[in-house]
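Where a number appears in this text, it was derived from the coordinates with a stated rule and is not lab data. Computed from a predicted model, the values in this text were never measured in an experiment. For neighbour counting, all protein chains shown are included, and Cβ atoms are generated from backbone atoms with ideal geometry for every residue, glycine included.
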Amino acid sequence: MRPVEHIVVSGLMGAGKTTVGRVLADRLGWAWSDSDLDIEAATGRTVRELRADEGVEAMHAREAAQMLDALSAPEPSVVSAAASVIDDPAARSAMTVPGVTVIWLHARPDVLAGRFGSGPRRPAYGDSPEAFLADQAARREPLLGAIGAHVIDVDDLTPDEVVARAVEALESTGTTRPA
């Protein structure tokens, strides 16, 4: 079996993909990238500003391009990817390539809405973040299931517990454990 070369950590806003991705990469001694941080570094604008200036589709295209770029790196890496990447056919295909493992951080919409916040980096999505997030989960989770993503329910877990479950998921499926 081909060893894991890249781990994509994704989830809806508030699921903890940045924190978990960073901790997992540190634990593995791998490179780490994050869609929001990389896009902001490349453009000088937050994802929220890009959404306002260019629209949702352009922002999602940037998120997919960032993930595809990260997956092309020759060294093993953990990629904290925006949830929107599953909507992009090329990105979705890239997540099924041997050597790429996807971990979806799932949380109930009410938990996510409580974490959602209104920081300067987060796009604003109306008066009911919970309803918005429930809709996003309903659309995206079947696509993640179709590509065989490992789902970790993160409602009541610390980042270290999530990372431990991610490593267990890799081992339990017979995937060669990351170095």
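Full extension of the chain between residue 127 and residue 56 yields a length gain of 23.8 nm, computed as 0.36 nm times the residue separation minus the alpha carbon distance. Here the spin labels are modelled as points 7 Å beyond Cα on the Cα-Cβ line, and at residue 115 and residue 73 they lie 2.2 nm apart. The calculated FRET efficiency for the pair residue 146 and residue 27, based on their C-beta separation and a Förster distance of 35 Å, comes to about 0.75.
For segment 8-49, rounded, prolate or oblate, judged on the Cα gyration tensor with a ≥ b ≥ c (square roots of eigenvalues), a/c < 1.5 rounded, else prolate if a/b > b/c? Don't skip to the answer; put the middle values down first.
On the way: a/c = 3.29, a/b = 1.52, b/c = 2.16.
Oblate is the answer for segment 8-49, as a/c is 1.5 or above yet b/c matches or exceeds a/b.
Applying 0.36 nm per residue to the separation of residue 45 and residue 172 and subtracting their alpha-carbon distance, the gain on full extension is 41.7 nm. Going 7 Å from the Cα of residue 96 in the Cα-to-Cβ direction, what parts of segment 46-74 have a backbone nitrogen less than 18 Å from that spot? Answer for this model: 68. Against the set [x] 120, 68, 45; [y] 98, 54, 39; [z] 45, 33, 28, the structure's computed Cα extents along the principal axes in Å falls on [z]. Here the contact order of the chain, divided by its residue count and restricted to Cα pairs under 8 Å and six or more residues apart, works out to 34 percent. Amide H contacts for residue 80 (H built 1.01 Å from N in the peptide plane; partners 5 or more residues away or on another chain; cut-off under 5 Å): 9, 33, 34, 35. Mean residue ellipticity, 222 nm, helices only, the chain: the sum of -39500 (n - 2.57) across DSSP H runs of n ≥ 4, divided by residue count and rounded to 500, is -15500 deg cm²/dmol.
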